[in-house]
Amino acid sequence: SVVRLRPGRAVRSDPLAGPPAVGSTVCKTGRMSGTTCGPVLAVTPTAIIARVKVVWGDSGSPLRDAKGRIIAITSRADSARMPADQRRAFQQFVGSMTGISRTVAALFVRADAIVADLRSTVGFRANL
């Protein structure tokens, strides 16, 4: 889809923030799994890895810090932290989604990285 804005018009957004420290608790509100929280495991220049339950249909949902600011957007399970054996990886992921086993780490795209990319490509402005 395409969103067309009139020049000079602002789009209101929830507050954005940079990434939290490793170990901080973050929460995701997904369309399918609702609100789930967990610890930040790692932060990279473009992503936040957190042990937060994510299921099919949650992609695109916001990840928020303790102050409720959007810090990232839900992307996918963190395949780098999954078993190499595809069968075991599938079992672990399905177990995580159904609550049978420990939650699989998920990858979230950092909001500040998205804003920086939009600024450099289309002149997008946002307050962080």
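No value in this document is a laboratory result; all are computed from the given coordinates. The model shown is predicted, which means the values in this text are computed figures rather than measured ones. For neighbour counting, all protein chains shown are included, and Cβ atoms are generated from backbone atoms with ideal geometry for every residue, glycine included.
Miscellaneous remarks
- Judged by the mean number of other Cβ atoms found within 10 Å, the most tightly packed of the peptides 15-22, 104-111 leads the ranking 104-111, 15-22.
- Taking 7 Å steps out from each Cα toward its Cβ at residue 67 and residue 13 produces label points 1.6 nm apart.
- Here each label is just a point 7 Å from Cα along the line to Cβ, and for residue 56 and residue 24 those points are 3.3 nm apart.
- Shape of the stretch 9-54, Cα gyration tensor, a/c cut at 1.5: oblate
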